1. Starting from the 7 Å offset along Cα-to-Cβ, what nm value, one decimal, do you get for the label separation of ARG246 and THR362?
2. Based on alpha-carbon centroids, what's the gap between the range 401-439 and the range 629-662 in Å, whole number please?
3. Among DSSP beta bridges whose residues both lie in the range 32-377, state the antiparallel percentage, nearest 5.
4. Suppose only helical runs count, i.e. DSSP H with n ≥ 4. What mean residue ellipticity at 222 nm does that imply for the chain under -39500 (n - 2.57) per run, divided by all residues and rounded to the nearest 500 deg cm²/dmol?
5. Any chance you could run the full-extension gain for ARG604 through ASP147? It's 0.36 nm times the residue separation minus the Cα-Cα distance, nm to one decimal.
6. Magnitude of the Cβ-charge dipole of the range 32-377, K/R +1 and D/E -1, about the Cα centre, nearest 20 debye?
7. Can you tell me the length gained on complete extension of the stretch ALA530 to ARG613, counting 0.36 nm per residue apart and subtracting the Cα distance?
8. How much net charge surrounds ASP304 when only other residues with a Cβ under 13 Å from its Cβ are counted (Lys, Arg +1; Asp, Glu -1)?
Amino acid sequence: MSLRTLALLPALALVACAHAPTRPAALPDGTRATVAILETTDIHANVLGYDYYQGKADPTLGFDRTATLIAQARAEFPNHFLFDSGDTIQGTALADYQAQVHPPACDEELAVYRAMDAIGYDGGTAGNHEFNYGLDYLAQVTGTPMDVDAGTRRRCAGPHFPLVLANVDAARNDKPIFPPWTMVTKPITVARPDGSQASVPLRVAIIGFTPPPIMQWDHANLAGRVTADGVLEAARKYLPQIRAARPDLVVAIVHGGLDTAPYTPRMENAGWHLAGVPGIDVLLLGHSHASFPGPRFAHLPDVDAVRGFVRGKPAVMGGFFGKDLGVIALTLDRQGGRWVIDPAHTHSEVRPICHQSNDPHTCVAPDPVIAPLVANVQAATVTHLDTPIGRSTLRLSSYFADVGDMRALAAVNAAQRDYVRRELPRVHPELAGVPVLSAAAAFRTGFGGAGDYTDVAPGALTVRSAADLYYYPNTLAAVLTDSAGIRAWLEKSAARFNRIDPARREPQALVNARFPGFNFDQIQGGLTYAIDVSKPVGARIVALTWDGKPVTPGQRFVVATNNYRASGGGGFPGLDGKTIVLAAPEGTREILARWIAAHGTLDRATLPPASWRFAPLKTAGPVTFISAAGKAAIAHADGLPGVRELRANGDGTAVYTVDLTR
């Protein structure tokens, strides 16, 4: 039987189960229990609190410290379940080392799963980044033979807990590649009305979902091999089976956030809509790298962003990178021979590993069990990252990528453009005379705090430098477009900025925090342009030239980019996978490392000049943005004299102002 929380009832109302009681029903009405549902999400292979790009410990993140919170929560709540909401196996240099440099043997468990198994999980799902390394790798490291074309059917070492995924099927037979749902049964201690206690089984059905746009984001890995259903369609497909199995509770593990826009089967963050499906009792959310409950979601309808309810259902989203633990404290009450949720005594919370955000002095100690389990692969990863590949006379950072510092991106764009100019004529000789441009975005622009920026110091360059310059394990792709496509591409990128009112005297934030930095593509290769932030989105690109001349209607270009963007990632106009003219088998990071090694030393002469600037705009008040504190000198050295630090925020970041007239 399943619990179904009824939305919009008075605070003291009890929520009745949706299905018939589990048999035997020996417990009297009025029996009560407190059960904690614990959640991690978006760990992204941060097994340890370590910054692989700076080569030093970072106690503000890491599963080894989340494990400490898990132990504390289990001591507080003897009745508990622990689940993971995905994006688990990708996201650090350690993950890339295991996937791309030294893959584990079939009988060797992946480092992050080894750590999770030491703590003990009850289940999980797959996020979109689980698919980044391909289906064969995913099948191996999850211990899940997949009946897909050219798939791996042997069973290898995987996590010691079930992974469920309801909305991805094999294209050859329409069967799910993971079990869509399973039942997890654990004993819980309950209190009868007379005060006596009893131990009884609680049957919890878990069903998992990943974002349907994986078919675009990982097109090269997935096309023709799997299909992805909408979250609601998959839920409605399998809930009848779940009801027939008579669970006590149905927990949806959703690698997605909350979007109240009208539902479509391709919706990326469908958690709000899933909460409205009868038969779903609890939601575990992820993907958005945010915390729920929390103020970010306070504006959403039918959402209690303080106590943690979405359309009447208890829900939690436990942050990212091992920085937090999500906790739902459920109070269950026995009525009519079945369990019900008591919403008045149920709440959710997100518990951070650091009592003060990003302050390493306030973080909990790591669980000592974790580090020894991954010591060998950690050491091998660090050794690999230390491999020398060249030198640089310049500092390559993303602290000021939003205001025109392109040095870090220039290295990526130069490497991508060089590769396409060499390889494209071999497969498309008819395009030999078409100009080749390159688009790149700064992947690390402070979303995760003051340390979440690319920063490669002058001096020796290593594999670590290439990993810092190119964070994601994308492959290179090139697309054919024209001048209208280039303009639309740039206009989409320019949505990174808020519209600035020149007459306003109050401070105005330059950057639209809801537009991810990884979607602010900056294009080089003889192209120049200006962004007029006084104009509305879609009408900001001015003075667009190539090779010193205005771009003409119908002028064709080939643009080097990554597989995510070329296949439709980010929703850029005209980019849907159909215009790809070159798909490199190598990763972009490896192409970048080879390019650096071939050039030996990076200096001003090696890198292309910045391609864009802000259109001059005199404002009555300051235009501000956030970056790491104490970095203004870097902006000045990189040719941005109009940048000035206004004040520190106390968390390692600072408010800066930029003079748009310069």
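Any read-out appearing in this document is the output of simple, stated calculations on the displayed coordinates, not a laboratory observation. Model, not experiment: these values are computed from the prediction. Heads up, the Cβs are rebuilt from the backbone with ideal geometry, glycines too, and the neighbour counts pull from every protein chain shown.
1. 5.0 nm
2. If you average the Cα positions of each part, the centres end up 30 Å apart.
3. Once the DSSP bridges in the range 32-377 are tallied, antiparallel ones form about 70 percent.
4. On the way: 16 runs with 136 residues, N = 662.
Mean residue ellipticity at 222 nm (helix-derived): -5500 deg cm²/dmol.
5. Numbers: separation 457, 0.36 × 457 = 164.52 nm, distance 5.14 nm.
Between ARG604 and ASP147, full extension yields 159.4 nm more.
6. 940 debye
7. Working: separation 83, 0.36 × 83 = 29.88 nm, distance 0.49 nm.
Length gained, ALA530 through ARG613: 29.4 nm.
8. Details: positive: ARG307, ARG311, LYS313; negative: ASP302, GLU349.
Residues near ASP304 contribute +1 overall.
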